[in-house]
1. Can you tell me which residues in the range 43-64 are at pLDDT 85 or above and over 15 Å from residue 154 (Cα atoms)?
2. Among the numbered conditions (1) open to solvent by 100 Å² or more (accessible area, probe 1.4 Å); (2) under 30 Å from residue 93 (Cα atoms); (3) β-branched (Val, Ile, Thr), tell me where residue 55 comes up short.
3. Can you tell me which residues in the range 102-144 are of a type in the set (Gly, Ala, Ser), out of contact with any helix residue (DSSP H, G or I) (no Cβ under 7 Å at 6 or more places or on another chain) and either assigned to a helix (DSSP H, G or I) or under 20 Å from residue 204 (Cβ atoms) (or both)?
4. Across the range 86-108, which residue is modelled with the lowest pLDDT among those that are open to solvent by less than 50 Å² (accessible area, probe 1.4 Å) and more than 14 Å from the chain's Cα centre (by Cα)?
5. Just one of (1) of a type in the set (Gly, Ala, Ser); (2) open to solvent by 60 Å² or more (accessible area, probe 1.4 Å); (3) closer than 18 Å to residue 207 by Cβ trips up residue 75, so point out which.
6. Whether any residue in the range 145-163 is farther than 24 Å from residue 53 by Cβ and touching a helix residue (DSSP H, G or I) at 6+ places or on another chain (Cβ under 6 Å) is what I want to check.
7. Looking only at the range 57-98, which residues are among the β-branched types (Val, Ile, Thr) and without any contact (Cβ under 8 Å) to a residue 40 or more places away in the chain?
8. Please work out if residue 5 is surrounded by 10 or more Cβ atoms within 10 Å (Cβ to Cβ), assigned to a helix (DSSP H, G or I) and not hydroxyl-bearing (Ser, Thr, Tyr).
Amino acid sequence: MKKDIITSAIGILVLTLFCGILYPLVITGISQVAFPGNANGQRVYVGGKLVGSKIIGQNFGTQVFKNGKPEMANGVPVTNPNPRYFQGRPSATVPPNNAAATTFSNLGPNSTATEQEIAANIKAYISLNGPYYPGGLTAAKVPVDAANSSASGIDPDISVANADIQAHRIASLRHLQMPEVTSLISKYTAERGLGFSGEPSVNVLELNLALDRLTGGH
């Protein structure tokens, strides 16, 4: 019995040392040398100020005030989408785009809650973009990534179709020509992974920062 206890204790200590301390340190060291950008979250700075991450979605909205005070919901400030910026896809995290608690809806496709959530997302998307879309925007034209949240809830990208629809709103409110906006969309569109995996996608943060540079933030 004594021998078994000593053997077990030694095994725990050795495995803890190698698997819990040495291995993480080695992997961290390698990642910092070989892939420092990815290892540190691909953080984006403007004028020395952290403005976001290329791989984490964020809100581009304006805070809602009620009776002169910030309106809150479940302890989180309520915001409305800023129409002068491209908007990311819906987020199921609480609060939206919460990188500390990534999650998705986890409800079945036949769930009433899922249907209501998708319907609400489509309605909000049409309300935001419909007034600027030529010929009017219908539910049939809303891209799937504007109706459904992503698996992580913090997707930093949107589809090209989604960006193209929003481009009409951006061009109108920023007093730009459509070719100027579509050119920026093309510039920040990433192709399929390895040429075949997934679909082309547009990074929302990079696109919005490019817009501000182009228009001086106006």
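The values are calculated or read from the model by the stated rules, or taken from the named source; none is laboratory data. These figures come from a predicted structure and were not determined experimentally. Glycine gets a Cβ as well: all are built from the backbone with ideal geometry, and neighbour counts include every protein chain shown. Only protein heavy atoms, including side chains, enter the accessible area calculation; ligands, DNA and RNA are left aside. Shrake-Rupley method; radii C 1.70, N 1.55, O 1.52, S 1.80 Å.
1. Listed by number, the residues that qualify are 44, 45, 46, 47, 48, 49, 50, 51, 61, 62.
2. Checking residue 55 against (1) open to solvent by 100 Å² or more (accessible area, probe 1.4 Å); (2) under 30 Å from residue 93 (Cα atoms); (3) β-branched (Val, Ile, Thr), the one that fails is (1).
3. If the condition is that a residue be of a type in the set (Gly, Ala, Ser), out of contact with any helix residue (DSSP H, G or I) (no Cβ under 7 Å at 6 or more places or on another chain) and either assigned to a helix (DSSP H, G or I) or under 20 Å from residue 204 (Cβ atoms) (or both), then 113, 119, 120, 124, 127, 130, 140 are the ones that fit.
4. My answer is 105.
5. Among (1) of a type in the set (Gly, Ala, Ser); (2) open to solvent by 60 Å² or more (accessible area, probe 1.4 Å); (3) closer than 18 Å to residue 207 by Cβ, residue 75 violates only (3).
6. Checked against the condition, which is being farther than 24 Å from residue 53 by Cβ and touching a helix residue (DSSP H, G or I) at 6+ places or on another chain (Cβ under 6 Å), the range 145-163 yields at least one hit.
7. Scanning the range 57-98 gives 62, 64, 76, 78, 79, 94.
8. Judged against the criteria, residue 5 is not a match.
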